1. Counting other Cβ atoms within 10 Å, which GluC sites (Glu not before Pro) in segment B:16-113 have at most 15 and lie in a DSSP loop?
2. Just to be sure I follow the definition: excluding the sites themselves, where is the longest run in chain B that has none of the trypsin sites (Lys or Arg not before Pro) in a DSSP loop with at most 15 other Cβ atoms within 10 Å?
3. Measuring from the lowest to the highest alpha carbon on each principal axis, how far does the protein assembly as shown reach, largest first, in angstroms?
4. Go ahead and run the numbers for FRET between A:Met1 and B:Glu59, Cβ-Cβ distance against an R0 of 51 Å, rounding to 0.05.
5. Mind checking which of A:Asn75, A:Gly116, A:Pro137 is farthest towards the positive end of segment A:2-166's charge dipole, using Cβ charges of +1 (Lys, Arg) and -1 (Asp, Glu) about the Cα centre?
6. What whole-number volume per residue, in cubic angstrom, does the convex hull of the C-alpha atoms of chain B give?
7. Mind jotting down the distance between the C-alpha centroids of segment B:72-131 and segment A:58-133, whole Å?
8. Structure shown: which of A:Lys35/B:Lys35; A:Lys41/B:Lys35; B:Lys35/B:Lys81; A:Lys35/A:Lys81; A:Lys109/B:Lys35 lie over 25 Å apart, alpha-carbon to alpha-carbon?
Protein chains: 2
Amino acid sequence: MRVLGIDCGGEYTGYGVVEMQGSGRLLCVACGAIKLSPQEKLPLRLSRIFAQLGEIITEYRPEEVAIEDVFYALNVKSALKLGQIRGVAMLAAASAGLPVSEYSPLTIKSSVVGYGRAEKQQVQAMITRLLALPSAPQPMDASDALAIAICHLHTAATLHRQSVSAH
Amino acid sequence: MRVLGIDCGGEYTGYGVVEMQGSGRLLCVACGAIKLSPQEKLPLRLSRIFAQLGEIITEYRPEEVAIEDVFYALNVKSALKLGQIRGVAMLAAASAGLPVSEYSPLTIKSSVVGYGRAEKQQVQAMITRLLALPSAPQPMDASDALAIAICHLHTAATLHRQSVSAH
């Protein structure tokens, strides 16, 4: 299965496409971040994210999309900003007919590092190892997006194992 | 000028298309609300709003779009929800190449009722009078969207008068 993870942010929106191969090995297909100019008007910025996520989906053909669920530790103003970007990211997935799963930051960290309160750097180091990358994915937003994709692949694999053992 | 006002909400997203005629008279072209089912998954709900706003723009051909600016009186959870809908609404306008203006609730109420702390019912009553409607527009979200459109038309008319008198 191939998954696109999206890490929404006001300035950078990270993306990471990860494939779980038959052996269970994880392969980094692509990663990066969409940079937005704070000088640009909001509707234009939203258009750019929507268009670029659409291009990423067309180019790398993920079968599912995973996104961080954020209900925490933010003030109203930043929650509203983040919500706008998140809405457009979900719309990009839905427009391509892809199912979207949401994971809390705690679940993502637990799934990748085995510890929900892990530091960002620990997550990045583990992503580098899990994907056997020559160096840590940059920027941090790209690394976070890969973590979200891996979390979804781990969860899907666990659910699959459970459904196999139940039958 | 013909303006589409959008009032974003978690359950109902109101819309109102208002035209200011040469005489300065305001005409209600269309209004209503897009109802969303809380049972539906979020990406599907966002797709629906995007598609329906696109249809409204295609059918009624507004030249500009106005939307409420919300930074107030909400908790983080509802701000995030509202942000998601707002992002998709702005994207619908930007995708049609329409400029988007944002107004605070205070500005909208002041522009329509002449008093920023007006009650929702006062706004609705004034909208009914300004647009010479036989009865109050329903639901309240549709009435709020008309208020946003009228606020933008009033502001645009004032800016136009100022630029005329300056030359």
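1. B:Glu40, B:Glu63
2. Within chain B, the longest run free of exposed trypsin sites (Lys or Arg not before Pro) spans B:42-116.
3. Cα extents, longest axis first: 72, 51, 33 Å.
4. Efficiency for this residue pair is about 0.80.
5. Positive-end residue among those listed: A:Asn75.
6. Each residue corresponds to 120 Å³ of Cα convex hull volume.
7. About 30 Å separates the Cα centre of segment A:58-133 from the one of segment B:72-131.
8. The pairs that break the limit, which is 25 Å between Cα atoms, are A:Lys35/B:Lys35; A:Lys41/B:Lys35; A:Lys109/B:Lys35.
FYI, it's all coordinate maths here, none of it is from the lab. Because the structure is a prediction, the values reported are computed rather than measured. Backbone-built Cβ (ideal geometry, glycine too); neighbour counts: all protein chains shown.
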